[in-house]
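Here, each number is a calculation from the coordinates, and none is a lab measurement. Keep in mind the model is a prediction, meaning the values are calculated, not measured. Neighbour counts are summed over all protein chains in view; Cβ atoms, including those assigned to glycine, are modelled from backbone coordinates with ideal geometry.
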Amino acid sequence: MSLTMTLPIHIPVLLKEAVEALQVEPGKRYVDCTLGSGGHTMAILEKSLPGGQLLGIDTDPEAIRIAKSRLADYAESTILVNDNFANLETICEENDFLPVHGIILDLGISSLQLDTTERGFSFQHDAPLDMRFSPAQEFTAADMVNVLFEDKLAQLIRDYGEERYSRQIAKRIVEKRPINTTLELAHIVEQVIGSRRGKIHPATRTFLALRIAVNRELKNLDIALTQTINCLNRQGRLVVISYHSLEDRLVKQFMKRETKGCICPPGTPVCRCGHMPSLKLISKKVIPPSLDEIESNPRSRSAKLRVAERL
Ligand SMILES: C[S@@+](CC[C@H](N)C(=O)[O-])C[C@H]1O[C@@H](n2cnc3c(N)ncnc32)[C@H](O)[C@@H]1O
């Protein structure tokens, strides 16, 4: 039995749309900043051969291991790097991989990570409260819930989880410390806000907030987006797929800012910023998954694709 048949495989989201948006062509060079199981990478490689090359990055060594095996047939055209995409420019420089014709970020978590119980991302099964994308990271979600001051915890759950009951949840967490497992935390949240809340589990927002904080997701995204400008060739495409509003807002604001010249505060008599436009928006609106895709892969339902082109 092949390796791919024994593993819960991640179904790539907005695959056709992403490859189209990247305008993949034979002989060109692409970076997949979020390799995962290599779904987008494989489709990009298939379209970029002969002569195309792809640099794949993932902070999770397990993702690199799995993608390497799945992409074995393309080994000569791929470079896989276990690192954080916040180091995008350095990674490209070190691998003599500049400039590139397209960069894709398919943000967040893979099904593989979510469905691996012991990674501690899911409240469906009991496991240590970990949530790190990379084992090299210092702090786990358990460290956060057990160490942070109550007001800091409440702020984190409110800001990253957009959770209405953040203060009450943080208070109960502090009362119940130490909390070491996913189900302990899920039950605490459930006690605070009840077991039913529309279609989503009551702990969904708290878990999302902790995951974002543990992995510094917004900070890393912000850093990486800025670096894409220095990596892209003229007319190179930047494609970003995001899954929650905070990520999407960051991507939207970044792309909008980079389409502008002067970004001095309104009313500044003479431009001091010297900012030059570096991107052109290819699609003003986000590209969502089709109803067919949502039906066949419900995890795609919150996805939003944005695309811009380097000037
Ligand atoms: C949604 S999955 C990507 C799935 C992939 N497109 C596929 O088709 O299989 C997101 C991946 O990005 C990785 N990731 C998240 N944040 C990262 C970061 N800051 N640097 C590098 N990889 C990151 C995660 O480990 C995960 O494997």
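Quick notes on this one:
- Loop trypsin sites (Lys or Arg not before Pro), segment 28-80, which have at most 16 other Cβ atoms in a 10 Å radius of their Cβ (DSSP): none
- Mean Cβ neighbour count within 10 Å, used as a protection proxy, ranking 155-161, 260-266, 145-151 highest first: 155-161, 145-151, 260-266
- Cα-based helix-to-principal-axis angle, 61-70 vs the chain, degrees rounded to 10: 50
- Rounded to the nearest 20 debye, the dipole magnitude of the chain is 1340 debye, with +1 charges on Lys and Arg beta carbons, -1 on Asp and Glu beta carbons, and the Cα centre as origin.
- Backbone phi angles across segment 9-16, fed through the Karplus curve with coefficients 6.51, -1.76 and 1.60 (θ = phi - 60°), yield HN-Hα couplings of 8, 7, 7, x, 9, 6, 4, 4 Hz in residue order; Gly and Pro are listed as x.
- Cα-based shape type of segment 191-251, given that a ≥ b ≥ c are square roots of the gyration tensor eigenvalues and the cut on a/c is 1.5: prolate
- Convex hull of alpha carbon positions in the chain: directionally averaged projected area 17.9 nm².
- Net length gained if the chain between Asp143 and His125 were fully extended (0.36 nm per residue, minus Cα distance): 4.5 nm
- Relative contact order for segment 11-105, counting Cα pairs under 8 Å that sit 6 or more residues apart, in percent: 34
- Relative contact order, whole percent, for the chain stands at 18, derived from Cα pairs under 8 Å and 6 or more residues apart.
- Under a Gaussian network description of the chain, with springs only between Cα atoms under 10 Å, the residue in Leu210, Leu98, Leu14 that fluctuates furthest is Leu98.
- Cα centroid of segment 64-125 to Cα centroid of segment 213-252, whole Å: 15
- Segment 1-103: C-alpha pair distances exceeding 16 Å, %: 54
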